[in-house]
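Each value in this text was obtained by applying a stated rule to the coordinates, not by laboratory testing. Computed from a predicted model, the values in this text were never measured in an experiment. Cβ placement follows ideal geometry from the backbone for every residue including glycine, while neighbour counts extend to all protein chains displayed.
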Amino acid sequence: MDPQEPARSAPIDPASIPQRKLATGAQMPAVGLGTFGSDHVSPAQVAEAVKGAAAAGYRHFDCASVYGNEPEVGAALETVIAGGIPREELWVTSKLWNDKHAESDVIAQCRKSLADLRLNYLDLYLVHWPFPNFHPPGCDVTSRSADAKPYIHASYMKTWRKMEELVDMGLVRHIGTSNMTIPKLKLVLRDARVKPAVNEMELHPHFQQPELFKYVVDNGIQPVGYCPIGSPGRPERDRTPEDTAPTEDPVILEIAKRHVVSPAAVCIKWAVQRGQTPIPFSVHHYRENLECVTRDPLTDEEMRAIGGLDRNCRLIKGQVFLWKEGQTWEDLWDVNGEITPP
Ligand SMILES: NC(=O)c1ccc[n+]([C@@H]2O[C@H](COP(=O)([O-])OP(=O)(O)OC[C@H]3O[C@@H](n4cnc5c(N)ncnc54)[C@H](OP(=O)(O)O)[C@@H]3O)[C@@H](O)[C@H]2O)c1
C-alpha cells in the first residue's frame, strides 16, 4: 500500500478552510459542494458525493428544490449528522424555484425543502431567479413559458416579504438573492427589511463580473460563485459556440503546472483568494477541490494574471426566462445599467 494513502485520505480539517463572515456575524465556509447533477448525474450519485464530501471535510452544501435530489441529499445529510458532525457545523443552502414566487407558496416551499433535506432550519434560502416563470426541468433553451413575466419589483418584494417572514419564524437563518443585477439589487436593498446576506452569481476566470462583485461586497453581501470551474459538465442546452472554458486557458494551465494541481483547482484557489465562495459540483474531484484552498496560495502576480483573463463569457444565459419575442438573453441581465423595461 502506498504509505501516503492514509494521509491523503485523512479528512481535511474544516478549521483550515477559510470562512466568510456574513452581516449577521455568522461564518460560512468559503468553499461549498454544488449539488446540481446537470441532468446526467443521478440523485443517488449526488447523495454519495455529499456523504463523501462531508467525510473529506466539507461543511457547506448548495442545494435547490429544482435540482430534483433534495430527498436523497437530505438522507445523506441525516447520515452525516448521525455520524457525528453536529448540525451547527453544517451550512446548508436551498432555493425557492421560479414557479413558487406567489406569497401563498413561499413558506410551504421552504417547509418542503426542509422536510426533504431532513432539517429543521436552513442556513440560507435564496430566491433562485428574479423571474417568476415556469419551465419544465430539462427543457430546451428555446422553451418559453406561456405567461412569462419580466422582473417586476413590486412582485419580487411580495416574495421577499415572505422570505423575511421565514427568518422571523426561525426556519431560515439568512436569506439571499441569485442571478441578480445591480439595478435590481439597488431596489431590493432600498426596500428590504431583512437585507440579502448573499448573492449567488456565475463567477469564474472567464466571467468575473467585476462591477457586480464590487457592488455586492461594498454593500455587505457575500458573493457566492456558481460554475466556478466553467461548468464543463453543463447540459447541452446551456452551451453556445461562443462559450470558452477557463480550465483550457493557457494562463490557467501554466499556473496549474507551476503549483502541480489541476486547472480546476487553480480556478477554485483564485475564487477563494479573490473573496468569493465557490460551490464546485463534483462527484469525482471534491476532495481535491477543498484541499487546494488549504495550501500553496497563488501569488499576487498569479492573481493579477487570472484577473486579466475576464472575457465576459456568461455560460448560464437564462434564455428560457425571456418574456417576449425579439429579445436576446442580454435583456435578462440589464446590460445597459437599467432594468430592462417590460
Ligand atoms: N444559483 C444558480 O442559478 C445556479 C446556477 C448554476 C449552478 N449553481 C450551483 O453551482 C454548482 C456548481 O456549478 P456547476 O455544477 O454548473 O459547475 P462547476 O462546478 O463549474 O463544474 C462542475 C463540473 O466540473 C467537474 N469537476 C469538478 N472538479 C473538478 C476537478 N478538480 N477536475 C476536473 N473536473 C472537475 C465535475 O465533474 P466530476 O463530477 O466528474 O468531478 C463537473 O462536471 C451547481 O452544482 C449548483 O449547486 C447555481
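Please give, to one decimal in nm, the separation of the simple spin-label points placed at A108 and N312, each 7 Å out from Cα toward the Cβ.
The two pseudo-label positions are separated by 4.3 nm.
So, counting K/R as plus one and D/E as minus one, what does the shell of residues with Cβ under 14 Å around Q222 add up to?
Within the 14 Å Cβ shell, the charges total +2.
Amide H to amide H, which residues 5 or more places from T277 or on other chains are under 5 Å from it, using H placed in the peptide plane?
V224, G225
What relative contact order, as a whole-number percentage, does the range 217-333 give when Cα pairs under 8 Å and 6 or more residues apart are counted?
Relative contact order of the range 217-333: 28 percent.
Percent antiparallel among DSSP beta bridges with both residues in the range 180-288, to the nearest 5?
10
Only Lys, Arg, Asp and Glu count, each charged at its Cβ (+1, +1, -1, -1), so figure out the dipole size of the range 285-342 about its Cα centre, rounded to 20 debye.
220
So what's Rg/Rh here for the chain, counting alpha carbon atoms and using the Kirkwood radius for Rh?
0.94
Measure up K158/K195; K184/K214; K51/K162; K112/K184; K21/K269; K158/K324 against 20 Å on the Cα-Cα distance and list the ones that go over.
K51/K162; K112/K184; K158/K324
Find out how many positive minus negative residues lie around A76, taking Lys and Arg as positive, Asp and Glu as negative, among other residues whose Cβ is under 11 Å from that of A76.
It works out to a net charge of -2.
Taking 25 Å as R0, compute the FRET efficiency from the Cβ-Cβ separation of N120 and K158 and round it to 0.05.
0.45
To the nearest 20 Debye, how big is the dipole of the range 183-250 about its Cα centre, given +1 on the beta carbon of each Lys and Arg and -1 on that of each Asp and Glu?
540
Using a cut-off of 13 Å between beta-carbons, work out the net charge of the residues near A47 (Lys and Arg +1, Asp and Glu -1, A47 not included).
-3
Take the Cα pairs of the range 244-342, get the Kirkwood Rh, then feed it into Stokes-Einstein at 25 °C and 0.890 mPa s and tell me D in µm²/s.
Taking Rh from Cα pairs, D becomes 157 µm²/s.
For the chain, set up a GNM with springs between Cα atoms under 10 Å and report which of H60, H101, H259 has the largest fluctuation.
Sorting by GNM fluctuation, first place goes to H259.
Springs between alpha-carbon atoms under 10 Å, Gaussian network over the chain: tell me which of C292, C139, C267 tops the mean-square fluctuations.
C139
For the chain, what does the helix formula give at 222 nm: sum of -39500 (n - 2.57) over DSSP H segments with n ≥ 4, over the residue count, nearest 500 deg cm²/dmol?
-10500 deg cm²/dmol
If you count the DSSP beta bridges with both ends in the chain, what percent of them are antiparallel, to the nearest 5?
Percentage antiparallel, nearest 5: 15.
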